[in-house]
Amino acid sequence: MIHLRDLEDDDIHRLFEWRREPEVDYWLYENPPSAFERHEAWFANFRADPNQLGWVICIDDRPCGFLYLSGLESTQKRAQWGWYIGDAEARGRGAGRAAQALGLDRAFETYDLQKVWSEVVAENETALKAQAAAGFRREGYLRRHSLKHGAYRDVVLLAILREEWMAKRVQVLAGLASSRLIAAS
């Protein structure tokens, strides 16, 4: 079963390794940290910032990915999110789909957000399809928005509103539970 658990001190090494995985790195804006010390500073800043929260995505008790919300202190009641599956063996097995649903539940139920939005590299069809399946809608297109390894890439803006998630929530969670990806609620 897939679940989200709070970020722990020991996750610093795991996130460092995942972030340097070529399959993860390719889809992110920033280059992976070249030195552990830079990653260590990011990790400390991330955990100390009340505006951000992160969770480790787990299959049973095995960590396989990372999901975060940023902008939690906004008076606009919206936050940006991002996630990735760092463990290559977990990709394509529903972990991302389940983590999205669990993350949206936290965003809207626990943190009382009205909107969750994301930026996805335009050629990342897997992420675009996964977020569309969760109910995200395209809100914009940013041309040549990300520069990585000397190449500019376009970015798609996606978002889901609280009422859109609530309209899909029961069906999505039931489907994930019947597939034994998450525990039945």
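Computed values, structure above
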{"quantity": "Among the candidates GLU109, GLU123, residue that is surrounded by fewer than 16 Cβ atoms within 10 Å (Cβ to Cβ), under 23 Å from SER74 (Cβ atoms) and free of Cβ contacts under 8 Å to residues at least 60 places away in the same chain", "calculated": "GLU109"}
{"quantity": "Residue under evaluation ALA183, criteria (1) in contact with a helix residue (DSSP H, G or I) (Cβ under 6 Å, 6 or more places away or on another chain); (2) in a loop (DSSP other than H, G, I, E, B), criterion not met", "calculated": "(1)"}
{"quantity": "Conditions (1) surrounded by fewer than 19 Cβ atoms within 10 Å (Cβ to Cβ); (2) touching a strand residue (DSSP E or B) at 6+ places or on another chain (Cβ under 9 Å); (3) among the β-branched types (Val, Ile, Thr); number of the one not met by VAL156", "calculated": "(1)"}
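Every residue, every condition in (1) touching an Asp or Glu at 6+ places or on another chain (Cβ under 9 Å); (2) closer than 25 Å to ALA177 by Cα; (3) hydroxyl-bearing (Ser, Thr, Tyr), yes or no:
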position	(1), (2), (3)
ALA35	no, no, no
PHE46	no, no, no
GLY54	yes, yes, no
SER70	yes, no, yes
LYS77	yes, no, no
GLY86	yes, yes, no
LEU104	no, yes, no
LYS115	no, yes, no
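Any read-out appearing in this document is the output of simple, stated calculations on the displayed coordinates, not a laboratory observation. What you see is a predicted model, and the numbers here were worked out from it, not measured in a lab. Glycine also receives a Cβ, built like all others from the backbone with ideal geometry; neighbour counts cover every protein chain displayed.
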